[in-house]
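Engineer: Have a look at this one.
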Amino acid sequence: DLASVPHPAEVRAPREFLFGESNARFVVEVAPEDAVVFEAMVSGAPCASVGAVIGERQVLLRLSSACLVDLSVEQMRGAWQAGGNQDFA
């Protein structure tokens, strides 16, 4: 859920969360049992849990209750290979 992403007040559009260029943003995958230790390691820095890895080959991005992306990995790969010019409708 992108609503959890720490960001400056002027960054409002979801595309800025997803594609903004910054050398200070990282996505880190942490096992659930290690979350407390990881969060302690980065205390003082903007940090939030924004999702979970599941067994499905699906990417689902939300902004609060609005679904922004709900695509299979195969659909995403196809769009990338087509240069981003793929229509998912």
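Engineer: If each Cα of the chain is one equal point scatterer, what is log10 of I(q)/I(0) from the Debye formula at q = 0.11, 0.16 Å⁻¹?
Structural biologist: For the chain, the Cα-only Debye profile gives -0.40, -0.83.
Engineer: Simple spin-label model, 7 Å along Cα-to-Cβ: SER43 to ALA9 in nm?
Structural biologist: 2.8 nm
Engineer: Right, next: Measuring with a 1.4 Å probe in the full set of protein chains, what accessible area per residue, in whole Å², belongs to the range 1-86?
Structural biologist: 82 Å²
Engineer: While we're on this one: If you take the charge dipole of the chain about its Cα centre, with +1 on Lys and Arg Cβ and -1 on Asp and Glu Cβ, which of ALA82, SER43, HIS7 is farthest toward its positive end?
Structural biologist: Going by the Cα projections, it comes out as ALA82.
Engineer: OK, next. So if I place +1 on the C-beta of Lys and Arg and -1 on the C-beta of Asp and Glu, and nothing else carries charge, what would the dipole magnitude of the chain be about its Cα centre? I want it in debye, nearest 20.
Structural biologist: 200 debye
Engineer: Using amide H atoms built in the peptide plane, which far-off residues or other-chain residues are under 5 Å from VAL69 H to H?
Structural biologist: Amide H to amide H, under 5 Å and 5 or more residues apart or across chains, VAL69 pairs with LEU61.
The values are calculated or read from the model by the stated rules, or taken from the named source; none is laboratory data. Remember, predicted model here, so these are calculated numbers, not experimental data. Please note: Cβ atoms are built from the backbone with ideal geometry, for glycine as well, and neighbour counts cover all protein chains shown. When the accessible area is computed, the model is the full protein with side chains, heavy atoms only, and any ligands, DNA or RNA have been set aside. Shrake-Rupley method; radii C 1.70, N 1.55, O 1.52, S 1.80 Å.
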